[in-house]
Every structure is written in structure tokens, then in C-alpha cells.
1. May I ask you to say which residue of 324, 303 is β-branched (Val, Ile, Thr) and either surrounded by fewer than 21 Cβ atoms within 10 Å (Cβ to Cβ) or not in a helix (DSSP H, G or I) (or both)?
2. For region 579-598, name all the residues that are acidic (Asp, Glu) and surrounded by fewer than 19 Cβ atoms within 10 Å (Cβ to Cβ).
3. Pairs needed: first member in region 779-798, assigned by TED's automatic domain parsing to the domain that holds residue 583; second member anywhere, modelled with pLDDT of 95 or more and surrounded by 15 or more Cβ atoms within 10 Å (Cβ to Cβ); C-beta distance under 9 Å; at least 6 residues apart or different chains.
4. Give the residue that is surrounded by the fewest Cβ atoms within 10 Å (Cβ to Cβ), with candidates limited to residues of region 266-290 that are in a helix (DSSP H, G or I) and in contact with a Lys or Arg (Cβ under 8 Å, 6 or more places away or on another chain).
5. Does residue 662 meet the test of being on the phi < 0 side of the Ramachandran plot, surrounded by fewer than 11 Cβ atoms within 10 Å (Cβ to Cβ) and either in a loop (DSSP other than H, G, I, E, B) or in contact (Cβ under 8 Å) with a residue 12 or more places away in the chain (or both)?
6. Only one of these conditions is not met by residue 601: (1) surrounded by 20 or more Cβ atoms within 10 Å (Cβ to Cβ); (2) more than 28 Å from the chain's Cα centre (by Cα). Which number is it?
7. Just checking, does region 666-683 include any residue being at pLDDT 85 or above, buried (at least 20 other Cβ atoms within 10 Å of the Cβ) and in a helix (DSSP H, G or I)?
8. Any residue at all in region 786-804 that is assigned to a helix (DSSP H, G or I), modelled with pLDDT under 90, out of contact with any Gly (no Cβ under 7 Å at 6 or more places or on another chain) and over 25 Å from residue 627 (Cβ atoms)?
Amino acid sequence: MTSESSASRGDKAGPSTASHDPDRSVGNAAERTRIALSDLDAIASTMERRFNEERRVLSFQQYLELFASDPIRQGRDAARYVRDMFDHYGTRKVKRPWGELTRFNLFDLPWEAETPGAAPPGPTSDEGEPRAPAEPRHAATYHGRDAALIGQEDIQAETYRALCNFVREGRANRLILMHGPNGSAKSTVAACILRALEHYTTLDEGALYRFHWVFPSRKTMRGAIGFGGEVKASAADTVSYAHLSDDQIDSRLVIELRDHPLFLLPLRERRAMILKLYEDASAAEPPPEWLMSGKLSHKNQQVFEALLAANNGSLVEVLRHVQVERYFISRRYRLGAVTVGPALSVDAGERQITADRSLASLPTSLQATTLFEAHGELVEAAGGVLEFSDLLKRPIDAFRYLQLTLETGEVSLSQQTVQTNVVMIGSANEIHLAAFREHHEFPSFRGRFELIRAPYLRSWTDEQAIYDAQIVPFVTRHVAPHATRVAAQFAVLTRMRQPESKRYPDALAPIISALTAEEKVDLYATGAPPERLDPDAQKLLRASVEALYHESDASGDYEGRLGISPREVRTVLLDAAQSPEHACLSPFAVLAELDEICKRQSEFDWLKEKQLAGGYHDHRLFRDIARRRLLDLLEEEMRAASGLVEEGRYAELFDRYIHHVTVWVKGEKIRNPHTGDFEQPDERMMREVEGLLGTQGRHEDHRRGLISSIAAWAIDHPGEKVVNETVFPHLLRKLRDTVFRDRRQGVALVVRDLCTFLRDGKEQRPRDPAWGELREEQRRNARAALERLRQMGYCDNCALDAATALLRARYAELVT
């Protein structure tokens, strides 16, 4: 019995115990080996099938059949290819307080969601605002290589507009230059485009082809081929050398410039063929100029001429040597997607290749020809996108060549002129661009640049989404609710620009002039006008959000040009995550780090700005605002967690009130659900609610104003269901606050008991002796409140931080 019991316990001990059984270990190892080898066979079969399905290697004749089947797709130049990539991933409409915008889905990196193990999008609240997750997300579980672009729909639209213009003009004849402050997502825009190219090129819709030259061995052809002798019958019977195995060829000459295979056809005949194929395909656009007029690169032309001469002008014999290959855009391997840093040299060069011993097996006539190979970023990016990161950090001589290259579509090297087929995207900060504008050569460059402004985000909900997506997953501590929200609201406050009231009509000017920085932030984030305004003024301001948002677009000192950078906020959050005073990434640690960074006035321009009326550029006030709003949020959550106030009852009461007001305004009656009789609206209930709302003036006017607000909202949101909480959030909040005042002390006592409950057993945080010991009922209420807070994303540590802060700032006089 003892032995059996011991064995039984050993079986339950798990893998660590099993490791001591030699026979079992050997058996497990053998099984794992068998599984691995079986998986390898399956992977190999899948890759072979995929290789054939993707048509990786074709002869020239096979490619011509492919081209004829879809000339529009196979004949695209770089501009059309990138434009079509934008179209492939599609668009959707997004509603912002300043208007309805078009968002291109590729900037959300939708293919990353298909990757096994990819991190899911961060959680959001019912209002669509990002919320910190309850548990930390570690870098080990985050597999996305790039960050999606958050916001910045204007940059997306401008980039797409520039691409469409390139298509209309026949080629990419300008450089798209995004300019803005450091950290305004310029590099993220370019990275998303390059990443999308990588994915698009793996799809059938984005297949790309180039060609190389193949030279069979003499043994394979049983005699000389092409050069220095007649081709035997067996060679003539061979349609193409493209599919010969490695042991059947002497050499393969790789062409780095990725010329289109149709460049091998004579120009006049090629044009006629392409026009006919496009006409048969009912193409909406003419063929690109690159396809119609492009010529072989210098090395290709030399090989072509040598083969043509050796074969007595037979194009058929020349094309047998052509091997068409599908290729895939790759940033890692710098193939069709290349990023150039601020280097000091021209981005292309050439080198002689005929001295290479690996090419000694080329035919004799070709060995006698001096071949040069082009190289450099312009060559590597051919057919795709070339990104110039921080272009204007280069001396002007380092990119002066772009003037002629963009104008002619060619770049001159010492031995050849290379035709470019690439979309160029660049970035520059405002300081370098301002200096460049003063340069005497700027006017000549201006016509070759497509300038796109890239300001900082001005919606704190978007700003918070950046931190939740790009910082929170890499914080090893628990992230407390509202930590990133505090940082985001402070960041956007620093970017606000005082509006110019003289730009607006007389009725609107005084409203705009009195708008504070905090009110402007809320207007951009939610579209909610200040509650201090009367209904007519609120309606007027809501209708003018778009004009206010774009007020400074034509100015060099545009809104979003100054302010704290997301990169600086990243440092603030990471430093806050290491706070010795908090066990979590706490919003209070974030506030402390913001206090520290605001002491470094000599380092940041946004701290040097003159304070203006309305709180603009007042970073001390911004921190106070962030702290006050944080405490307001914590108080709302503690009120809900206390269980003393049922949050749902406010909405039910307000919905009932609005229903009765609607019937009252129409002069109708309400059917009593209990008796079935039709009765007059409940005047007593309506006046009671209006008293809680603090209604001023005549009740009749207030009620008709509510119905007018509903009608105006319905006009602005056609087809959407009217939700009172959405239309009247300020009234619902006022109703809740009024009712809460009567229960405030009870909530304060629950918060006090929660602190005592959480401090028990924490010697480093002794509880206040004046609070005494908790009774069983107090302990039960505290435990229930803590459970509700956990459901909101709190852990015990940040719940204690929140409760302690509220006690000190709001409830001290209520619990003593």
C-alpha cells in the first residue's frame, strides 16, 4: 500500500517528477522527435506547394501570358503600385468633433491581427476611451513589429492625394515631405506604408516580377550555345532555359535594377502591344509612362545586345535566356522598401562586376564586355518606396541631386544613367525646414517637394491610445487606471493655441475669446461645449469646432507645433513605472514626474512660452487641472464602488424625465403601464428633477430647450438612435452630483474603511489610529468596494493609492 501510494503521489507530481524516470524520459524524447520530423515534412510540403502556386519562376513566354491576362495589375509603376496598395486595404469613416474623416485601414496594420500570438487591441471603456488593463501586458507577449498610426487622418489623406497626382502625371515627380515637431508620427506614417508594402507584395494582388539572365552549360546543350557556334537541334527544341536546375547552368546573371520584363521588347512594338492590351481590358487609366517609355538598364542592354548579335538577331533565342522571377518587398533585406538616414553621399553608385571569379563561366563575348552593377538606396528601393528620414539634417549638397532626379526620373552615375521608378517620402522637423526656407535654393526645391504638415495630436483620447498601445505593454508593473489618461491630458493641454476671436462672426467671437485651454481640450476630445454657456451659445460653438480646429492651418505657428512630445511623455511614464513610492504605474507617480520635467525650462521650448489669458501655456495650471480631473474620476469610481449610490438609477430617472417632457411639449398624454389609462405627464416628478438640476428661469422654457437640443442632435446624427446620456451628459452628471451630495459622507466613510482594510498587514503603511478597528459590517462593505474596484482595473495597491488621495484631498473633514 505504501509503495502504491508513493507511486500515485509521484504521478501527480508533474513533469519535475517524471524527469527522474529514465524510460519515460526516453519515450517522451522519441515522441517529440517523431512529431518534430513529421511537422518538418508538412512544412516542406506546404512551402513547395506555395512556391508553385505563387508562380515564383517563369519563362518570358509564361510571364507574357500572365501580363496579357491582367495588364493593368502587371503594368504598374511604383506610384500606381503604392496607390493601389492604399486602395486594397480600404477606408472607413471616422467621426471627430471637427468633422467626419476618411481613415485608410493600412495604417491600422490589419494583417498583424492575423498573426498568431499578436497582442489584441487594448481594452476600451463604454465611451470608447482607452482604459488600462487589469493585468500587465509584457513585451514577451507582444509580437507586432511596428506600431499602428493613431489619429493623423489628415496626413493619410494628403499622402493619398499626392499619390493620385503622381498617377495622373505619369510618375512620382515630387518628394512627399512630412514636416512637424519631433515625435509627431512622421516616421510612423512612413513605417506603416513600408510595412503595408511588405504584406501587399505577398498577395496575388500585389505580385511583382523582375528578370535575370540564365546561361546553360555546354554539357546540357551538347554544344556551344548562343556565342561562338551554332545551336544544335536539341537546343532549338528547348522553349526556355528559365527552369533549368543549377547543375544544368553555367551562370546566372542577376539584375539589380528590376527592369520590367517587357523592356526586352522593341519600344515601338511594345507600345502598340500594351495599348491594345489596355484597350481590351477596358482600363480606366492609360498605361504608366514608365512602362511605355522605359528602357533596359545599362547592364541589361549590354547582355541583350551581345546575345542578339551572337544569335544573328533572333529575339526568340535571346528570350530563352530570360528567367522571370517573382520577388517580395522587404525592409530587412532592403528590397523595394528602404529608409535612408541623414548620410552625406549620393544614394546610388556603381561597381565593376566582370572581374568577379563567379562570373568566369559567362559566354566569351560577354566576358569581353565591361559590366557595371548599380547599387545604393535608390537602386534597392526601385519599384517601391524610398524614405528619407530627417532629410534636411543633410547638407544641401547631399540631396541636391534630387532636383534633377525628380524632374527627369533619372540619376546620373559615372558609367550610366539609371532610370528611377520609386516613390520618395521624407521627414523633417520644423526647425530645419524653417532654416531651409531661408536658403536661396529653397524656391527651386519647393516645386519638387509635396509638403505635408504633421502636427501633434490634439485629442487626448487619441494621445492616450498611443501610450496604451506603445508603452503599457512593456511596463512590467501593473498599470493603474487613469495613469496614461493623466499624461495624455497634460500633453494635449501643452499644445493648445489661444484662438483668434477676430476671425469669427460677431455672434461667435465673444464665445471663442472666452474659451479656456481646458475647455478647448474637451471640445476637441468629445465635442462637448462648456457647461457655463447657454444652449444657444453651445449650439453655435459645436457648429464651429471644425473652423476652430483648422484656424491656424495657414500659419507657421500652427496649433500642435509646440508642446510636449510623445517621446518625452514616454520617458515620463517609464520613469513613473519605477517610482519607489508606488507599486504600480500610478497616476500620482505620473503627476510627480510631470512636476519634475516642468522644472527643466532650459531644455524645452514649450516651457518657455509666455502664459496667456485662458490658461494657455500655463504648465503649472495644466498640472493642477490634470490632478483635479483625476480626483474627480476617482471620486466617481469610489462613489460607484461604495454601493451606496446606484448609478443606473440616475439614467432611469433622467430617461423618465425626458419622456414626460417630450409628451408635455407635444400636449399629449402618457399611458399608465399599471392601469392602462392615459394620464397627464407627471408634473411633480418633472419639477423635482428640475430642482435637482438647478434649473433657472421658467420651467416651460427649459423643457422646450431640451426638445430643441434633441432635435438638433438628431439632425447632426441622422439615422442614429437618440441616447439621452449622449445628448445631455452634463445634465446627467449634474443630477448625479446633486444626489451624491446627500450621500457624500457615507461614501467618505466607506473610502476610509477601505483604506483601513487595505493597510492591515502593511507595516510600511500603518493605518491612522484615530480610525480604530473595523467592525464586521465595515469590513464587509470595504471588501465589497474593493471587489468592485478590481472589476474597474484596480489592484490592491493602486486602490489604496486612490482611496488615500481622496481622503486627503476631498474627504478629510468628513471622516474626522
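1. 324
2. 581, 595, 596
3. none
4. Among them, the one singled out is 267.
5. So residue 662 does not fit the description; no.
6. Among (1) surrounded by 20 or more Cβ atoms within 10 Å (Cβ to Cβ); (2) more than 28 Å from the chain's Cα centre (by Cα), residue 601 violates only (1).
7. no
8. no
The values are calculated or read from the model by the stated rules, or taken from the named source; none is laboratory data. No experiment lies behind these values; they were computed from the predicted model shown. All Cβ positions, even for glycine, are placed from backbone atoms using ideal geometry, and neighbour counts span all protein chains on display.
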